[in-house]
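S.K.: The structure follows.
Here, each number is a calculation from the coordinates, and none is a lab measurement. Worth saying up front: this structure is predicted, and the values here are computed from it rather than measured. Every residue, glycine as well, gets a Cβ built from its backbone with ideal geometry; the counts of neighbours run over all protein chains shown.
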Amino acid sequence: MRALKVVTWLLIAALLSPACNPRLGGDTSAPAPAPARAEAARLAAMSGEIKIAILVPLTGQAPTFGASTRDGALLATNEWNAKGGLLGKRIISIVEDSQCAPGPAVKAANKVIDQDKVKFIVGEVCSGASIPVSEIANSKKVIQISPTSTEPNVTVSQDGQTKRYIFRACFTDEAQGKLGARFARKTLKAETAFLMFDPSNSYTSGLAGFFEKEFVAGGGKIVGKGTYTGTDTDFSATLAKIAQARPDLVYLPDFFGVPNLVTRQAKEKGLATTFMGGDGWDSSDLDTQAADGSFFTNHFWPRDPRPEVQNFVRAYGAQFKDEKGVPQVPDALAALAYDATNLLLQAIQEAGTADDTDKVADALANISFNAVSGKISFDASHNPIKPVTVIAVRGGTFVFNSQVAP
């Protein structure tokens, strides 16, 4: 709710200002300050509005992911509005809680499309929610760009056809799994690996499958597999198998909650095996003490010296602060949401219309954009072409390790 708090306090400040509220004794005859006049002129210059829906999980299994994604998207729309809007119109952001789950996500998508009449969606975060949303959006010619959904079927249908109106700003599970396996083989020199995944979860099972295929193709050997459900909390049996198999690496691609439990229990049992995960590990809630010595693949590193990155980090910190007023450092979800929103808005600008989504889809498919997460163009399946960043967990924090090119 950080963005809502910022807006709320700005409104309160405006109402309490003596210059704005004659009941508080302000001199209403005095001219407005120069910044206020400039703001009024900017707003007056924008005629009409363009609605953008932001579908994110603010409750459910991944609310921290949703908050970061929402804030990154809102920062992008705020910046465009501050520069005069889009095609001379003000961008209106409509945020809906889609809960990282199919049912709530479908409900949110139908609401913003049918009731709010949006033609553009940024979201969802989780692949399991983005896929059903994509079916609705694609059938109604609504542009959807997911910041973080990595499962291949987000942008490609079951018959292998690219969904014309659906895009993503993140790399796919296939790209992440393959490049993660290459890092494990070439950089970590891992000869053997043990896989842990939830077979009912397309994100974790998909990544594990792509990792396995590339790891074996590169000369590595899978020495065991351990499966679990989303409600499991005791991983003793699988950790016993790992201790017996003695792999060079345990690949555990899941959202941070499961890695927290597994790495804590592994340390309690004195298991010193190196763990590796995917972008689901990127959270302020990851137990960095338990996961110390691990690695995970990701989309973004906030200390990257590129101007696109540092400008974004400064702007994000200026808009979003913690309870003590300390500027927040954006995570990969915020960066990808910022990229996804800017890609969409830039495509609308290049298409010259917010009404014809066919023209916008064509502009997006052919875009070349210097984004925070790297220079982005799209392949035939509407997946971005860009490298994977590898982050190490060291000394209670995240540390850049390397980038792996596709």
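S.K.: Classify the stretch 174-221 as rounded, prolate or oblate from the Cα gyration tensor: take a ≥ b ≥ c as the square roots of its eigenvalues, call it rounded if a/c is under 1.5, otherwise prolate when a/b beats b/c and oblate if not.
M.R.: prolate
S.K.: Further question: For the chain, with only Lys/Arg (+1) and Asp/Glu (-1) charged at the beta-carbon, what is the dipole magnitude about the Cα centre, in debye rounded to 20?
M.R.: The calculation lands at about 540 debye.
S.K.: In Å, what is the Rg of the alpha-carbon atoms in the stretch 342-406, and how long is Dmax?
M.R.: When restricted to the Cα atoms of the stretch 342-406, Rg and Dmax are 16.0, 51 Å.
S.K.: What number, rounded to the nearest 500 deg cm²/dmol, is the helix-based mean residue ellipticity at 222 nm of the chain, given -39500 (n - 2.57) per DSSP H run of at least four residues and division by all its residues?
M.R.: Estimated from H runs of four or more residues: -13000 deg cm²/dmol.
S.K.: So which of 89/141; 107/140; 107/163; 189/267; 163/375 end up more than 19 Å apart by C-alpha?
M.R.: With Cα atoms farther than 19 Å apart: 89/141; 107/163; 189/267; 163/375.
S.K.: Check the straight Cα-Cα distances from residue 51 and name the aspartates and glutamates below 18 Å, setting aside those fewer than 8 residues away within the same chain.
M.R.: Of all the aspartates and glutamates, those that pass the test against residue 51 - Cα under 18 Å, at least 8 places apart if same chain - are 71, 79, 96, 97, 114, 116, 124, 339, 350, 355, 356, 358.
S.K.: Okay, moving on. Between residue 135 and residue 49, what is 0.36 nm times their sequence separation minus the Cα-Cα distance? Round to one decimal in nm.
M.R.: 28.4 nm
S.K.: Assigning unit charges at the beta carbon (Lys, Arg +1; Asp, Glu -1) and nothing else, what dipole magnitude in debye, to the nearest 20, does the stretch 195-283 show about its Cα centre?
M.R.: Dipole magnitude for the stretch 195-283 comes out near 380 debye.
S.K.: Order by neighbour count: 389, 288, fewest other Cβ atoms within 10 Å first, most last.
M.R.: Ascending Cβ contact count within 10 Å gives the list 288, 389.
S.K.: While we're looking at this one, here's another question. With Rg and the Kirkwood Rh both taken from Cα atoms, where does Rg over Rh land for the stretch 294-406?
M.R.: Value, to two decimals: 1.03.
S.K.: Right, something else. How big is the stretch 97-256 along each principal axis, measuring the range of its Cα positions in Å and listing the largest first?
M.R.: 57, 32, 25
S.K.: How large is Rg over Rh for the stretch 171-287, taking Rg from the Cα atoms and Rh as the Kirkwood inverse mean of 1/r across Cα pairs?
M.R.: 0.93
S.K.: Shape of the stretch 148-239 from its Cα gyration tensor (a ≥ b ≥ c, root eigenvalues): rounded if a/c is under 1.5, otherwise prolate when a/b > b/c, or oblate?
M.R.: In terms of gyration-tensor shape, oblate.
S.K.: For the chain, build the convex hull from the C-alpha positions and give me its volume per residue in Å³.
M.R.: 149 Å³
S.K.: For the stretch 118-179, what is one quarter of the convex hull surface built on the Cα atoms, given in nm²?
M.R.: 3.9 nm²
S.K.: Roughly what % of DSSP beta bridges within the chain run antiparallel, to the nearest 5?
M.R.: 35 percent
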